[in-house]
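The values are calculated or read from the model by the stated rules, or taken from the named source; none is laboratory data. Predicted model only: the values in this text are computed from it and were never measured. Virtual Cβ from ideal backbone geometry, glycine too; neighbours counted across all protein chains shown. Remember, those area values only see protein heavy atoms, side chains included, never the ligands or the DNA or RNA. Shrake-Rupley method; radii C 1.70, N 1.55, O 1.52, S 1.80 Å.
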Amino acid sequence: KHVAMRQTMGAKRTSFWERRSVGPPDLTVSVPLGTTDSLPREKREKDVAIGFECARYAFLEDCGHAQLVLVRTGPVHCKATVHYKTRDGTGTSLDDYEESEGTIVFEKGEEKKMLQIKIHDDNAYEENEEFYVDLSEPTVEETASCQAKLGDIGSVIVVIIDDDDPGLIKWKQEEVEV
């Protein structure tokens, strides 16, 4: 076999890498361009994703406002928006926080935004309570060459930590004889 191969190669010793290019042009391998493996990456590079920085936040009841961080990933050359709305859990908008709904706008170049939700402080001793903030309807300006989608964290849990002491029972007299 080796002798026949040498004759085919012109009786010259060659390395494997030199031999691979020998043969008819239709049998040579070239580098594939635009394969299906690269399409998802190309598509991802054009997607603007908007979501929360983390999935759970916790605030003391007397903090005044819960401050939630929204992040935008992907292209920043276009204006992007996302709708938000609070939703009751064990904490309710009547007693524990101020119901809120609106649109957050990321201007060109902005990657982070702060969303503030008012927390109601009371003097009642109670368990920690939670409510939710949901994102929906992400959009980019019509002239943009990219698309908008929700990020990995599209809903967040906000825990309100009760900071009130339990009530104390006191007697008029500390010691009583019976």
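Here are a few things to note about the model shown:
- Residue match in the stretch 129-136 (condition: modelled with pLDDT of 90 or more, out of contact with any Phe, Trp or Tyr (no Cβ under 8 Å at 6 or more places or on another chain), charged (D, E, K, R) and surrounded by fewer than 13 Cβ atoms within 10 Å (Cβ to Cβ)): no
- Of all residues making up the stretch 145-178, the number that are among the β-branched types (Val, Ile, Thr) and modelled with pLDDT under 90: 4
- Given (1) under 23 Å from residue 60 (Cβ atoms); (2) more than 15 Å from the chain's Cα centre (by Cα); (3) not β-branched (Val, Ile, Thr), index of the condition residue 84 fails: (2)
- Residue in the stretch 165-176 that is surrounded by 15 or more Cβ atoms within 10 Å (Cβ to Cβ) and at negative phi present: no
- Each residue in the stretch 84-125 was checked for being more than 30 Å from residue 141 (Cα to Cα), open to solvent by 90 Å² or more (accessible area, probe 1.4 Å) and outside any loop (DSSP other than H, G, I, E, B), and 0 pass.
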